[in-house]
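Only one structure is covered here, and it is reproduced in the block below.
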Amino acid sequence: MFFSKHTKELVVCTIFFVLPLIFGSLLLRKPADRMEQNNIPKQEDVKEVFVVAIGDSLTEGVGDSTNEGGYVPLLQSNLMEKYPDKIISTVNYGKAGNTTRQIIKRINSSTDIQNDLKEATIITLTTGGNDLMKVIKSNLFNNLAVETFDKPSQEYQEDLDELYQLIRQYNDQAPIYQLGIYNPFYVSFNEIDAMQEIVDNWNGSAKSTLNTRKKAYFVPINDNIYDGLASESSNTDDGINNLLSDADNFHPNNLGYQIIANEFAMIIETSGELK
């Protein structure tokens, strides 16, 4: 088939003008395509963080008027704000009245706790307060002396060490954050000087145990709770701690639990374990 000279020139001109337009549009479209692809978060970039909270009444949330679990949901919200690229989920295994020994028994007897510990990204722990109260109650009619708590403190350390060993049987990677105890009697019975020293020593025993463990962090709370929150409307002068529940003046109220959640979140962040 033969084309005229005029037809050939027309074809050449068409190719000359059309091809650059086609290639140009492709070149312009590719960066945009790349930008769209870059804006789509990759599935591997989204990390799920599973917080397993275990412990006593402070984990259960006694004193929380919302009945939503004390510091645990507040910590979840706090971590969601600090780490917006992560999916934060929690489970609450708090039980009021539990001593360290009783927490050990619960873990040993519960496959749910064991399975969740295996999946945990972070483990939070509240224990020690009931261990201390057990000693106080058994010496109510005696003069409370610092020396009275020496042997029980050693027993608490032994139980705590056993608890950490047990947790590590199910998860040897997740960092453990243990909340210290506070002195709930400071405002109402601030004349008992020995009580604060006893609480400080008890916290010292916990810290000594944690220092022997990898990826174990102590979360101090006594200084934030023991004398209430100073404000113009503060009622600490009346012998009432405004961070404790009105129901028992012992467990934290909603604001007290918020402070606890904030302290957990701060130590989690500064530890650098959650990246």
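Inside the stretch 149-163, can you point out the residues that are of a type in the set (S, T, Y) and farther than 12 Å from T99 by Cβ? Full working, then the answer.
Step one: filter the stretch 149-163 for residues of a type in the set (S, T, Y), giving 153, 156.
Result: S153, single match.
State whether the residues of the stretch 29-40 include one that is at pLDDT 90 or above and either under 30 Å from Y257 (Cα atoms) or surrounded by 10 or more Cβ atoms within 10 Å (Cβ to Cβ) (or both).
No - not one qualifying residue is present in the stretch 29-40.
Can you find, within the stretch 43-76, the residue that is nearest to N249 (Cα to Cα) among those that are assigned to a helix (DSSP H, G or I) and modelled with pLDDT under 95? Write out each step before concluding.
From the stretch 43-76, those assigned to a helix (DSSP H, G or I) are 43-45, 57-60, 71-76; that's our starting set.
Cutting the leftovers down to modelled with pLDDT under 95 gives us 43-45.
Details: Q43: 47, E44: 47, D45: 45 Å.
Among those that are assigned to a helix (DSSP H, G or I) and modelled with pLDDT under 95, it is D45.
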For the stretch 259-275, give me the residue count where each residue is farther than 16 Å from Y182 by Cβ and either among the aromatic types (F, W, Y) or in a loop (DSSP other than H, G, I, E, B) (or both). 4
Of (1) at pLDDT 95 or above; (2) surrounded by 21 or more Cβ atoms within 10 Å (Cβ to Cβ), I225 fails just (1)
Taking the stretch 119-152 on its own, how many of its residues are among the basic types (K, R) and either without any contact (Cβ under 8 Å) to a residue 24 or more places away in the chain or touching an Asp or Glu at 6+ places or on another chain (Cβ under 6 Å) (or both)? 2
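The values are calculated or read from the model by the stated rules, or taken from the named source; none is laboratory data. These numbers were taken from a predicted model, which means no experiment stands behind them. Here the Cβ is made from the backbone with ideal geometry for all residues, glycine too, and neighbour counts use every protein chain on show.
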